[in-house]
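Here the structure is laid out as structure tokens; the discussion comes afterwards.
The values are calculated or read from the model by the stated rules, or taken from the named source; none is laboratory data. Owing to the predicted nature of the structure, the values given are computational and were not obtained by experimental measurement. Here the Cβ positions follow ideal geometry from the backbone for every residue, glycine too, while neighbour counts run over all protein chains shown. Please note that ligands, DNA and RNA were not included when accessible areas were found on the heavy atoms of the full protein model with its side chains. Shrake-Rupley method; radii C 1.70, N 1.55, O 1.52, S 1.80 Å.
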Amino acid sequence: MAAVDDLQFEEFGNAATSLAANPDATTVNIEDPGETPKHQPGPPRGSGREEDDELLGNDDSDKTELLAGQKKSSPFWTFEYYQTFFDVDTYQVFDRIKGSLLPIPGKNFVRLYIRSNPDLYGPFWICATLVFAIAISGNLSNFLIHLGEKTYHYVPEFRKVSIAATIIYAYAWLVPLALWGFLMWRNGKVMNIVSYSFLEIVCVYGYSLFIYIPTAILWIIPQKAVRWILVMIALGISGSVLAMTFWPAVREDNRRVALATIVTIVLLHMLLSVGCLAYFFDAPEMDHLPTTTATPNQTVAAAKSS
């Protein structure tokens, strides 16, 4: 039976003292749970890469966001699959609209507002509101311009609604589709290019069109100079959102290709705004012109001359 003295606990000193006395001893270091572990410094990162991570996000951050959501994908033929595209609250929609109206230089619109939860709710209703704003304002502008003319007969042009819907929705879907395909193609050739998803591009284009809703209402003012000033302001704001969003994605590409891509995006946006102003507001109307009826003598004379 062991002696009582052998069962007593002994106080162990410092690990360094123990190792000095017995070099062959093995020590185990148990850290305090409340103590913050010290990490080894990682390799230095360039400022350009840090800026890319801030603007576009790296793979680790994207994976973390996807895992944090824990969204279960449903088959595309089910209602639940499309319901996820409209899973957004009013605060998020207003926040994205505000971001499209106040573009911040050096900040990426997708990274700040869209990537956490891309939606189709905002772009769909923004395009629908813009369609009716352009069609109704165009008819009202035509009415106010010729108001008081005795020879003018006002006829509401309901076809402008269908024309505006075709133009706006085709632009908001076909242009993002072409841009998404182009970025995917360039991503296969240049490894540094970070491509956006098709839904993210549709969100950017949809929210960038919001500025044209109040602009279309102000286009009722029958002054061409005021209208062109308004369209330049709207084009500058929405074009800045598009340029600052897609420039970080293509700037690592060939310089000419990157510049050509941004110029094409801005030119297509300019064509939409200027085309809507010219067609729906500045187009000449023929309804107010007086009509003349030919007399029988004039009809006979015209027949003889022919």
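Some observations on this one:
- Using θ = phi - 60° and Karplus 6.51 cos²θ - 1.76 cosθ + 1.60, couplings along the range 174-181 (whole Hz; Gly, Pro as x): 6, 5, x, 5, 5, 5, 4, x
- Peptides 150-157, 89-96 ranked from most to least packed, by the mean per-residue count of other Cβ atoms within 10 Å: 89-96, 150-157.
- Of the peptides 241-248, 254-261, 165-172, the order by per-residue mean of other Cβ atoms within 10 Å, starting with the highest, comes out as 241-248, 165-172, 254-261.
- Site pair VAL226 and THR129 shows an inter-label distance of 2.2 nm when each label is modelled 7 Å from Cα along Cα→Cβ.
- Here the spin labels are modelled as points 7 Å beyond Cα on the Cα-Cβ line, and at LYS150 and ALA243 they lie 5.3 nm apart.
- Note on the range 104-216: the C-alpha convex hull projects to 9.3 nm² when averaged across all orientations.
- The range 93-110 - phi-based ³J(HN,Hα) in whole Hz, Karplus 6.51/-1.76/1.60, Gly and Pro as x: 5, 5, 5, 6, 5, 4, x, 6, 8, 10, x, 9, x, x, 10, 8, 5, 5
- Each label was represented as a point 7 Å from its Cα along the Cα-to-Cβ direction; for PHE182 and ALA260 these points are 0.9 nm apart.
- Once the 1.4 Å probe is applied to the protein heavy atoms, the range 103-143 comes out at 40 Å² accessible per residue.
- ³J(HN,Hα), Karplus 6.51/-1.76/1.60, whole Hz, each residue of the range 242-249, x for Gly, Pro: 5, 5, 6, 7, 9, 5, x, 7
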